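Data block below; observations after.
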Amino acid sequence: MKIGCPKEIKPQEFRVGMTPNAAGEAVAHGHEVIVETGAGRGAGFEDADYIAAGAHILDSADEIFAIADMIVKVKEPQAVERAMLREGQLLFTYLHLAPDPDQTRDLLASGCTAIAYETVTDAAGGLPLLAPMSEVAGKLAPQVGAWTLQKANGGRGVLMGGVPGVGPAKVAVIGGGVVGTHAARVAAGMGADVTVLDRSLPRMRYLDDVFGGVFKTSFASAGNTAELVAQADLVIGAVLIPGAAAPKLVTRAQLSTMKPGAAIVDVAIDQGGCFETSKATTHQDPIYEVDGIMHYCVANMPGAVARTSTIALGNATMPFLLALADKGWKQACTDDPHLLAGLNVHAGQLTNYAVGRALGIDVLSPSVIVKG
Ligand SMILES: NC(=O)c1ccc[n+]([C@@H]2O[C@H](COP(=O)([O-])OP(=O)(O)OC[C@H]3O[C@@H](n4cnc5c(N)ncnc54)[C@H](O)[C@@H]3O)[C@@H](O)[C@H]2O)c1
């Protein structure tokens, strides 16, 4: 199979769909890998690294889209990329179609087959191609929160770990899933006094078993949340209700109960955010203030650490990518129901029920499509 990896063109996106290691593995499996010149540079990979791995470098995305059987990317294809997709071509990337009718319409019109990273599942009921980015965003959250707390950035001027004789920052993490657990570990590692709030008792039992003594847990009732938010120097929002917008768990009125200069890092902003006052920001202009509280709401946090994120994503996508290339998408999806769950679009048909519900488009069952 000819596997094409174009350079990402979404603003502020420095990740790349394939690392030189991934390219090398695909070449070892007998595939041809074609990479757009400079595609890896944002993540610290030069063309020479891909050439050493056995890939070929092409000058433009047009050439790659014109000849590749499978396109491997990170972000959803932008309008100019969607115009280059062909009937029968396989697209493997993050799509997030539910809030994006324009992209969905274009993918359907292209006749391509699109497998979305974010809907691929695993045997434990998780989302293995989202988890690495949640791990990255979670570990980054206390780091950017600590920066936001600095006086020059409008923050309260509190050091996460304190110093001898001065207590540490208080950190409340709302949501104890992948993001929340990684955030809590790092915040606790910085010396902060950390409490994780969640509504799932099994999850809190797990956190207490594994991290008891490192950070505390609290049931995320409205009362407990309000109390811990009022006491916190830093609040990290990390909730997820699968398939739904994030619930607003902290109102604007509650900001007045918080300490002046306290910081909010709303990691759940990509699902609308869990603070009433959250609005998406960018890496170029990441923070803003509302009622004396500093907000950090960058929707693609992993892009800040593009190299780590690219390698982490590549580790997770690799087995699926190789299965798709080795067997073709139809056989690979027939053999693996978790990969089949990633199928969102095929030959003008929408194949994901959540996306269909969100956009009011008829859906054809993915299992019917692979049998057809
Ligand atoms: N901004 C970014 O760059 C970025 C990157 C990765 C993930 N995210 C987002 O971070 C969020 C968390 O992702 P995740 O992978 O950790 O999800 P997850 O499913 O692993 O964890 C979510 C947790 O939220 C808990 N929860 C749900 N409703 C709650 C409530 N009302 N109060 C308290 N807890 C509640 C769940 O029990 C679960 O433990 C998602 O919105 C995800 O899209 C953002």
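Listing for the model above:
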| item | result |
| --- | --- |
| GNM flexibility winner over the chain from ILE293, ILE57, ILE241 (Cα, springs under 10 Å) | ILE241 |
| In Å², nearest 10: area of GLU13 left accessible to a 1.4 Å probe | 20 |
| Total formal charge among the other residues, if their Cβ is under 11 angstrom from that of ALA325, Lys/Arg +1 and Asp/Glu -1 | -2 |
| Proximal charge balance of ALA246 [Cβ under 9 Å; K/R count +1, D/E count -1] | -1 |
| Shape box of the range 123-169 [Cα atoms, principal axes, largest first, Å] | 48, 23, 10 |
| Computed lengthening from ASP362 to SER60, 0.36 nm per intervening residue step minus Cα-Cα distance | 105.2 nm |
| Cross-link partners of LYS248 among lysines (Cα-Cα below 23 Å; sequence separation of 8 or more within a chain) | LYS139, LYS170, LYS216, LYS259, LYS279 |
| The chain: relative contact order in percent, alpha carbon pairs under 8 Å with at least 6 residues between | 17 |
| Per residue accessible area in Å² of the chain, where ligands, DNA and RNA are left out and the probe is 1.4 Å | 41 |
| Loop sites in the range 272-359: trypsin sites (Lys or Arg not before Pro), DSSP, at most 15 other Cβ within 10 Å | LYS279 |
| TYR206, TYR296, reordered so the largest accessible area comes first (probe 1.4 Å) | TYR206, TYR296 |
| Translational D in µm²/s for the chain (Stokes-Einstein at 20 °C, 1.002 mPa s, Kirkwood Rh from C-alpha pairs) | 99 |
| Accessible area of GLU76 in the full protein assembly, 1.4 Å probe (Å², nearest 10) | 30 |
| Long-range HN-HN contacts of ILE264 with modeled amide H, under 5 Å | VAL235, MET294, HIS295, TYR296 |
| Relative contact order, percent, the range 60-183 [alpha-carbon distance under 8 Å, six or more residues apart] | 17 |
| Helix axis angle, 222-231 relative to the chain longest principal axis, alpha carbon, degrees | 70 |
| Largest-first principal axis extents of the Cα set of the range 174-224 (Å) | 27, 21, 19 |
| Highest-fluctuation residue, GLY292, GLY213, GLY165 considered, GNM on the chain with Cα pairs under 10 Å | GLY165 |
| Theoretical FRET efficiency, 1/(1+(r/R0)^6), r = Cβ-Cβ of LYS151 and ILE9, R0 25 Å, to 0.05 | 0.10 |
| Radius of gyration and maximum dimension Dmax of the range 131-299, Cα, Å | 14.3, 46 |
| Gap separating the Cα centres of the range 252-304 and the range 194-216, nearest whole Å | 24 |
| Rounded accessible area of TRP147 (nearest 10 Å², 1.4 Å probe) | 100 |
| MRE, 222 nm, helices only [DSSP H, n ≥ 4, -39500 (n - 2.57), over the chain, to nearest 500] | -10500 deg cm²/dmol |
| Choice from TYR117, TYR94, TYR353 with maximal GNM fluctuation in the chain (Cα, 10 Å cutoff) | TYR353 |
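The values are calculated or read from the model by the stated rules, or taken from the named source; none is laboratory data. Since we're looking at a predicted model, the values are computed, not measured. Neighbour counts are summed over all protein chains in view; Cβ atoms, including those assigned to glycine, are modelled from backbone coordinates with ideal geometry. Side chains included, ligands, DNA and RNA excluded: accessible areas come from the protein's heavy atoms. Shrake-Rupley method; radii C 1.70, N 1.55, O 1.52, S 1.80 Å.
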